[in-house]
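Here is the structure we will look at.
Please treat every number below as a calculation from the coordinates, not as lab data. Bear in mind that the values here come from a model prediction, so they are computed numbers and not experimental data. With ideal geometry, Cβ positions are generated from the backbone for all residues, glycine too; neighbour counts draw on all protein chains shown.
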């Protein structure tokens, strides 16, 4: 049988802590700032268990029900509530363009790419993952807000080929398998033109 919990001692500790907080515990403003900065640095660090030597962090989001990912250094930012302007005559997998920080960026709808035709109607507030590879910047429509997840460095299977497949490698992540997109191959695909300035 476990010992009874000592509520009196716990209450005394709480009162002592409360008094210390109210009194500032005799700490100078500089010391308080140092403590808070150290806490911020500690909380900002990724947990040591998140990725082992055989794993790497991947930014993961969903597209057409599939878990896709990109390397963190390729992600510029994630936009919410930004609706692409359609381009007349554009292929179905080019959702449109957005004006972003002084540039006009193409936005890809990878769901339409996979389906090889028009994708179902999307939430206009769907996030857009702005990525950069080889100096080219473009957006990818996502079905979910991206999260960082540890994934195996080595592919679990060779990349799929054929119509409607994305240039990606299959890897094992902490929450199951995912497709890590080859953004360079995607940007080089002749079916799209990414961030090409008008001449």
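Treating each Cα of the range 55-188 as one equal point scatterer and applying the Debye formula with no solvent, the log10 of I(q)/I(0) at q = 0.11 Å⁻¹ comes out as -0.36. Across the range 55-188, Cα pairs under 8 Å and at least six residues apart give a relative contact order of 28 percent.
Taking label positions 7 Å along the Cα-Cβ direction at both residue 56 and residue 154, the computed distance is 1.5 nm, reported to one decimal. Extending 7 Å from Cα along the Cβ direction at residue 165 and again at residue 78 yields two label points whose distance is 2.9 nm. The ranking of 98, 145 by Cβ neighbour count inside 10 Å, starting from the fewest, reads 145, 98. Length available on full extension from residue 10 to residue 101: 0.36 nm per residue minus the Cα-Cα distance, which gives 27.3 nm. Sorted ascending by nearby beta carbons within 10 Å, beginning with the fewest, 115, 179 become 115, 179.
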